Ligand code: FAD
C-alpha cells in the first residue's frame, strides 16, 4: 500500500515523456496514477497511432542523461541495448550523373547518436513502471476536463465497443498533475483557462511519409548501418535510420504542393529516380514504393511554443504538450525527457514549496525549449541543402573555432 501521506501525482499521457515523469515521481515515493487515452502499447493488438510501422528516432545525450538520472540501475542499459549507434550522416547525391555517398562524422572524438524504435523505448519505460508498487495504469482513459484550483480531473472511459462503461465519465482528485499528452494536449487546453498562457503554433510547409526498407536478400542491412542516411534535395529530403532487425525506416519530407503534384501525376517512381539516387529498386522495389506512398499517411508537422508551463502548485505540462517541434534536429523527444530531469531537479531543491519550483521551472525552461524549437526549424536547411556543399565541413569547423 502507499504511504497515506504520499502525494497523489497523476500523469496524463503514457508516451515516452509521461512514462519517464511517472518513473521520476515514483522513485520519490509519490502515489502515481498514469492515465492514457490509448490501450497499453505492449499489447500486441495495439497499432501505433498515426504510423503504419512504428517510428524510429535518434536518442541523444540529452535523453540518455535524463534516463540515467532516474537512479534506476538497469534502465539506461535496457534502453541502449535496443539501439544502433549512428556515428555520422551518410549523404547520398548524384554528382555529374554519378551516384556518390559521402560520410560526414558527427564528432571527432567518436560520439554518436543512437537510432531506436520509439515504441521500444516506451515499452521499456512502461515495464519499469509496472514493477513499482506505487504506480497504477489507467489505459483507455481520455482526459476531458481539469479544475486546477480544486485539483479535480475528469476522464472519459474509451474501452472496446462492448465495454459496458464505455463513454462513462469519472472524476479524479489529485495533488499534482503532469500533462505529457502530446502536441494536441488537453492538459494545455485546460491550463490556459487558469493561467495567462502565451501560445503560438505553426504548421510548416512540409509533410512526411514513412517507408520501410527491408533487410537485403542475404538478411543484412541494405546500407551501412551506423549512419543517418540523407538524400538532400532542398525542397524535399529522404532520410533513413537503421533498425535492429536490419531494416531501415525511411521518411520522405516534401512540401504540401509537392505531395499534391505527386498524388495528381502518380509519378512517384520518376520522382524518386530523379531525386534520390540509389533508392529504387535497390532499397525498395517499384511496387513497394508505390504501395507505401499510397497507403502510408502524409502527415503534417507542427511547431508549438507556449509559456508558462504551470499553474500554482497543481499542474505542469512537459514534452510535446509544452513545445512540440519539427523533427529536423532530432531533439523533440530528447528535449521532453530533459524536461523531466530539469523539473524534478528543481522540485528536489524546494521539497516543501512546489509552487516556487514550478514557477522557476517555467522561467528556466521556456528560453531553452524555445531555442531548441528554433534550431529544429532551422535545421531543415542544414539537412536538405547545406550538407551538399563541398566545403561544408571545413566551413563548419572554422565557424566553431
Ligand atoms: P507523445 O509521444 O505524443 O505521447 C502523448 C501521449 O498522450 C500519447 O500516448 C497519447 O495517446 C496520450 N494522450 C493524448 N491525449 C490524451 C488525453 N486527452 N488523455 C489521456 N492521454 C492522452 N524526437 C527525437 O528526440 N528524436 C528524433 O529523431 C525524432 N524524430 C521524429 C521524427 C518524426 C517524423 C516525428 C513526427 C517526430 C520525431 N521526434 C523525434 C519527436 C518525438 O516523436 C516527440 O517529441 C515525442 O514522441 C514526444 O513525446 P511525448 O511523450 O511528449 O508525447
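A few points about this structure:
- Beta carbons closer than 6 Å, at least 6 apart along the sequence or on distinct chains, pair a first residue in the range 4-25 that is over 13 Å from residue 316 (Cβ atoms) with a second that is within 7 Å of the ligand (Cβ to nearest atom) for 14/36; 16/333.
- Within the range 319-337, the set of residues being more than 6 Å from the ligand (Cβ to nearest atom) and not in a helix (DSSP H, G or I) comprises 324, 325, 326.
- Any pair with Cβ under 8 angstrom, 6 or more apart, that starts in the range 38-61 at a residue that is more than 18 Å from residue 243 (Cα to Cα) and ends at one that is assigned to a strand (DSSP E or B) and modelled with pLDDT of 90 or more: 40/137; 50/299
- Residue check, residue 376 in a helix (DSSP H, G or I), within 11 Å of the ligand (Cβ to nearest atom), modelled with pLDDT of 95 or more and more than 22 Å from residue 197 (Cα to Cα): yes
- Taken together, 65, 50 contain a single residue that is modelled with pLDDT of 95 or more and surrounded by fewer than 16 Cβ atoms within 10 Å (Cβ to Cβ), which is 65.
- Count of the range 178-192 residues which are within 9 Å of residue 143 (Cβ to Cβ) and more than 7 Å from the ligand (Cβ to nearest atom): 3
Rundown of residues vs (1) surrounded by fewer than 16 Cβ atoms within 10 Å (Cβ to Cβ); (2) assigned to a helix (DSSP H, G or I); (3) within 16 Å of the ligand (Cβ to nearest atom); (4) over 26 Å from the mean Cα position of the chain (by Cα), yes/no style:
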| residue | (1), (2), (3), (4) |
| --- | --- |
| 201 | yes, no, yes, no |
| 204 | no, no, yes, no |
| 217 | yes, no, no, yes |
| 273 | yes, yes, no, yes |
| 280 | no, no, no, yes |
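- Unmet requirement for residue 268, which otherwise passes all of (1) within 16 Å of the ligand (Cβ to nearest atom); (2) more than 14 Å from residue 213 (Cβ to Cβ); (3) crowded, with 17+ Cβ neighbours inside 10 Å: (1)
- In the range 167-199, the residues that are outside any strand (DSSP E or B), closer than 30 Å to residue 258 by Cα and in contact (Cβ under 8 Å) with a residue 12 or more places away in the chain: 182, 183, 185
- Taken over the range 369-380, the residue count meeting the criterion of being under 15 Å from residue 342 (Cβ atoms) and in contact (Cβ under 8 Å) with a residue 24 or more places away in the chain is 3.
The values are calculated or read from the model by the stated rules, or taken from the named source; none is laboratory data. This one's a predicted model, so the numbers in the text were calculated from it and none came from an experiment. Neighbour counts are summed over all protein chains in view; Cβ atoms, including those assigned to glycine, are modelled from backbone coordinates with ideal geometry.
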